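Asks: Please read through the structure below; I'll follow up with questions.
The values are calculated or read from the model by the stated rules, or taken from the named source; none is laboratory data. What you are looking at is a predicted structure, and each value in this text was computed from that prediction instead of being measured. Cβ sites come from the backbone with ideal geometry, for glycine too, and all protein chains shown count toward neighbours.
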Amino acid sequence: MEIERIDSILKRVLNKVERSSTKDRNIDITVLWPRIIDEKKRGKSYVLYERERKLYVKVEDGCFLSNLRMNKRKIINKLKEFGFNYDDIIFLI
C-alpha cells in the first residue's frame, strides 16, 4: 500500500467541500429568505437571483419596499451569520 501525501489529500478534500457548498448555495438562500425577514413580510417578497455579491429580491408593493430598505443593513448582517456575504440587497417591485 502506497502512502498518500498530505497535500494531495487536502486538495482532494477541499475541492469536494468547495463544489458542494457552491452547488447548493442558491437553494439555501431561497429557503433561508423567509426565515430571515419578519413574519408579516414572508409572502410579500422572494429572492430573484444573486449576482456579483448582490442579492436581488422581488417585493410585492411600495409599502414593503420601504420597510425592507430601512432594514437592509440588519438583513445583510443576518445573512452574514448564515455564511452569505452580500455587499448589497437590491429590492425590485
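Asks: Could you check the stretch 23-53 and list, in sequence order, the residues that are under 11 Å from the mean Cα position of the chain (by Cα), farther than 19 Å from Arg73 by Cα and either at pLDDT below 70 or of a type in the set (S, T, N, Q) (or both)?
Replies: Residues satisfying the conditions are Asp24, Arg25, Asn26, Ile27.
Asks: Among residues belonging to the stretch 43-85 that are closer than 14 Å to Thr30 by Cα and aromatic (Phe, Trp, Tyr), point out the one that is surrounded by the most Cβ atoms within 10 Å (Cβ to Cβ).
Replies: Phe84
Asks: Right, something else. Which of the residues spanning the stretch 42-82 are charged (D, E, K, R), out of contact with any Pro (no Cβ under 9 Å at 6 or more places or on another chain) and assigned to a helix (DSSP H, G or I)?
Replies: If we filter the stretch 42-82 for residues that are charged (D, E, K, R), which is where we start, we get 42, 44, 50-54, 58, 60-61, 69, 72-74, 78, 80-81.
Checking the rest, the ones that are also out of contact with any Pro (no Cβ under 9 Å at 6 or more places or on another chain) come to 44, 50-54, 58, 60-61, 69, 72-74, 78, 80-81.
Selection gives Lys44, Arg69, Lys72, Arg73, Lys74, Lys78, Lys80, Glu81.
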